[in-house]
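Contents: one structure, followed by commentary.
The values are calculated or read from the model by the stated rules, or taken from the named source; none is laboratory data. As the structure is a prediction and not an experimental result, all values here were calculated from the model. Remember, those area values only see protein heavy atoms, side chains included, never the ligands or the DNA or RNA. Shrake-Rupley method; radii C 1.70, N 1.55, O 1.52, S 1.80 Å.
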Amino acid sequence: IALVATAIFRIVDSSADSDPNNVYYGKTGVSWVLRFGGLSALIGAAFSRAVAPTRTEKEMRRRLAEMKETEESS
């Protein structure tokens, strides 16, 4: 991701004016890197939903279901 961010900065900010008085004027690389990071986070979250639960997670879900059944019957 860091390499992609570097590439985005170089591509987007290469055409910005190099006036020393306006160092940040016209540079939009930060906003594009943040957009890329947000999109990467959303894609990562979508992929993580597809990961199968581990054995311990399955056991905890089963125990939780048993606890709910016991609570409802009382």
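Brief remarks on what is shown
- Accessible area of Arg62 in the full protein assembly, 1.4 Å probe (Å², nearest 10): 130
- Potential extension, Val51-Ser73 segment - 0.36 nm per residue separation minus Cα distance: 4.6 nm
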